[in-house]
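Working notes, beginning with the structure itself.
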Amino acid sequence: MQETVIKIENLRKRYRLGLIGSGTLTEDLQSWWARVRKKEDPNLKIGEQAGSGKEFWALNGINMEVKRGETLGIIGANGAGKSTLLKILSRVTAPTEGEVKIKGRISSMLEVGTGFHGELTGRENIYLNGAILGMSRNEVDKKIEDIIEFSECRKFIDTPVKRYSSGMYVKLAFAVAAHLDSEILVMDEVLAVGDMKFQEKCLGKMGEVADKEGRTVLYVSHNMNTIQQLCSRCIVLDKGRVIFDGEVEEAIRIYMGTVKESPVRVELSKMERAEEHAGRAAFMKELEVLNQQSSIFEINAKPRFRLRYETEQADLHMYIRAIIRYADGTPVTMITTPEAFVSHKGQEESVSFEINCENIVPGKYTMSIILYEVNQFGTFRNCDGVKDAYCFEIKAPKEYAHKMEWSHRYWGHVALGEIKIISES
């Protein structure tokens, strides 16, 4: 019987929205000591209740066990509590309620460059991470050549990591986490940064860590393909709760069901922009569906959209690019406008366009919208872009494909139509 290395009981984590502290260390300590003794907070204002204000429960009653050597996938929509759970396991933050029991050393990679000091070189950061894990210098010496070789950063290993690109950061950080002697490896969406070749290399190493070395891996990702390749078990989080714990295929099916369709009018102004759109030349404000009553489309639908935007820097000749992905993040297709439209500086304008979905099979999808321009030399420049700006579902009629449920994993996301029998003369 496998040994339990992580046991979580009634784990809850609360955040007070908009509040950081009372303003002074003394008052924070007084409030904390009152909570410990279950007394009234001496710093509350007259008429104010303890715990008043907006509260957000990032985790709300998690109970689970993880066995030694398991590779556990953790999936769920944004805001489901995945990263908060890993931060508590990695002791980055403390739970509000509940208990976490861990047997063994944890090596965490929660974001690019976690635990790295920018002024130190790559080599020095390897020793620093080893020291944090409780390893001696001699123990790190035995591993350092393997780490440098795996990271593909040998040429820059004695350069301060503040000069590394994000790709170099993640390569070195993963190499350190995977090779140092920790019994539990915690990874949060880290493979999204490295190039494809390195991602495959990392997946192979993570499989080796779990299968051959018997170490435990907790892996958070929105990429269902890597979850399927790597994980032997999967949990689905939704609004801070575990709604499924079991087989990977069933977990992915349930996760798909938690992806909600967008309203017919989406406010884009409050959505996050990717780093490449930080210095934007235009700004998209709203996306509205014109010829549909909801975001559930019939097969062969041709939805029409109106995009409201404002040009901020100069008059531009822009194009629209739409990238459609399946709900698990798998790219399905990219489409673009063949001709540019003119926008005028400082004016709020709109452009309407139509997308033909007739070859997309039933399922849930997201659509990213990008405004871009092409200069006289044929160089592309992104003016603004919103990832997963719009979520929609393609619904099949009852007679579709002889009433068979479409299997995306085996058949893909595009339908070419029927096979036609032709008579030979």
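Our compactness index for segment 4-258, the C-alpha radius of gyration over the empirical 2.2 N^0.38 Å, is 1.12.
When both bridge partners sit in the chain, DSSP labels roughly 75% of those beta bridges antiparallel. Rg/Rh, computed from the Cα trace of segment 284-425 with Rh as the Kirkwood radius, has the value 1.06. By DSSP, the beta bridges lying fully in segment 4-258 are antiparallel in about 55 percent of cases. Straightening the chain between Thr337 and Asn78 buys 90.2 nm, computed as 0.36 nm per residue apart minus the Cα-Cα spacing.
Among the listed pairs Lys101/Lys201; Lys302/Lys364; Lys82/Lys364, a Cα-Cα separation exceeding 26 Å is found for Lys101/Lys201. To the nearest ten degrees, helix 137-151 and the longest principal axis of the Cα atoms of the chain are 10 degrees apart.
Annotation: extensible slack from Leu25 through Ile132 equals 35.8 nm (criterion: 0.36 nm per residue apart, minus Cα-Cα distance). Note on segment 269-362: percent of Cα-Cα distances in each 5 Å bin, starting at 0 and stopping at the bin with the largest distance, equals 3, 11, 18, 23, 21, 13, 8, 3, 0. The C-alpha atoms of the chain define a longest principal axis, and helix 166-179 lies at about 50 degrees to it. Computed from the Cβ-Cβ distance with R0 of 51 Å, the FRET efficiency linking Ser232 to Glu358 stands at 0.85. Between the entries (i) 4, 12, 15, 14, 13, 11, 9, 7, 5, 4, 2, 1, 1, 0, 0; (ii) 4, 17, 22, 25, 20, 9, 2, 0, 0, 0; (iii) 4, 21, 31, 24, 13, 5, 1, 0, the label attached to P(r) over Cα pairs in 10 Å bins from 0, in percent calculated for this structure is (ii). Computed extension length for Lys260-Glu348: 28.8 nm, one decimal, from 0.36 nm per residue of separation with the Cα-Cα distance subtracted. Once you've got the GNM for the chain with C-alpha springs shorter than 10 Å, pick whichever of Pro42, Pro95, Pro263 has the biggest mean-square fluctuation. Looking only at Pro42, Pro95, Pro263, the largest GNM fluctuation is found for Pro42.
The numbers here are math on the coordinates, done by the rules we state, and not lab data. Keep in mind it's a predicted model, so treat the numbers as computed, not measured. Here Cβ is always computed from backbone atoms with ideal geometry, including for glycine, and neighbour counts include all displayed protein chains.
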